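The values are calculated or read from the model by the stated rules, or taken from the named source; none is laboratory data. Since the structure is predicted, the reported quantities are computational estimates derived from the model, not experimental observations. Reconstructed Cβ throughout: ideal geometry from the backbone, glycine too, with neighbour counts over all protein chains shown.
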């Protein structure tokens, strides 16, 4: 094979693999038991399961996250796909009017399994019960130190 032809075939293969991987993220996904995978301090809404409705356009992700039992579905923003990895952001407005943002990151394990971890964004961290300071919900902003390693939520493709 001529070098130009080999180069063209190689590029075509890489493009096809990237498009194929991105397309596999699209659709509806759900956890089996999200509540069991969340730290106790995050169970205030008694979330029983999490559903994702992912829409893929090129390497961008949009759609919604529905934390069953925690109110209306959240809109996915700032979503990106890089190879088999995915990241996006969701923001919830609490009854107090304060907002809490989560950064979601994960990877496609196989055609029907997606592993995602969510971490509270720095802008949403606060010291519960602290007085004064104009921070989040009246709490004083704190330096959280090293973030704990989040437990992944395992999603399965919905039929």
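Listed here are the residues, each with its yes/no results for (1) within 17 Å of residue 156 (Cα to Cα); (2) assigned to a strand (DSSP E or B); (3) modelled with pLDDT under 85; (4) within 13 Å of the chain's Cα centre (by Cα).
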site: 21; (1), (2), (3), (4): yes, no, yes, no
site: 36; (1), (2), (3), (4): yes, no, yes, no
site: 41; (1), (2), (3), (4): no, no, yes, no
site: 44; (1), (2), (3), (4): no, no, yes, no
site: 70; (1), (2), (3), (4): no, no, yes, no
site: 78; (1), (2), (3), (4): no, yes, no, yes
site: 103; (1), (2), (3), (4): no, yes, no, yes
site: 108; (1), (2), (3), (4): yes, yes, no, yes
site: 118; (1), (2), (3), (4): yes, yes, no, yes
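Mind checking which residues of segment 56-68 are assigned to a strand (DSSP E or B) and over 15 Å from the mean Cα position of the chain (by Cα)?
Matches in segment 56-68: 57, 68.
Return yes when residue 113 is at pLDDT below 95 and closer than 14 Å to residue 153 by Cα and no when it is not.
Against the criterion (at pLDDT below 95 and closer than 14 Å to residue 153 by Cα), residue 113 qualifies.
Determine whether residue 93 is within 20 Å of residue 55 (Cα to Cα) and surrounded by fewer than 17 Cβ atoms within 10 Å (Cβ to Cβ).
Against the criterion (within 20 Å of residue 55 (Cα to Cα) and surrounded by fewer than 17 Cβ atoms within 10 Å (Cβ to Cβ)), residue 93 does not qualify.
Given the criterion out of contact with any helix residue (DSSP H, G or I) (no Cβ under 7 Å at 6 or more places or on another chain) and farther than 20 Å from residue 32 by Cα, identify the matching residue among 64, 85, 72.
Checking each option against the conditions leaves just 85.
Look through segment 80-101, keep the residues that are modelled with pLDDT under 90 and in a loop (DSSP other than H, G, I, E, B), and return whichever of them is nearest to residue 157 (Cα to Cα).
Among those that are modelled with pLDDT under 90 and in a loop (DSSP other than H, G, I, E, B), it is 94.
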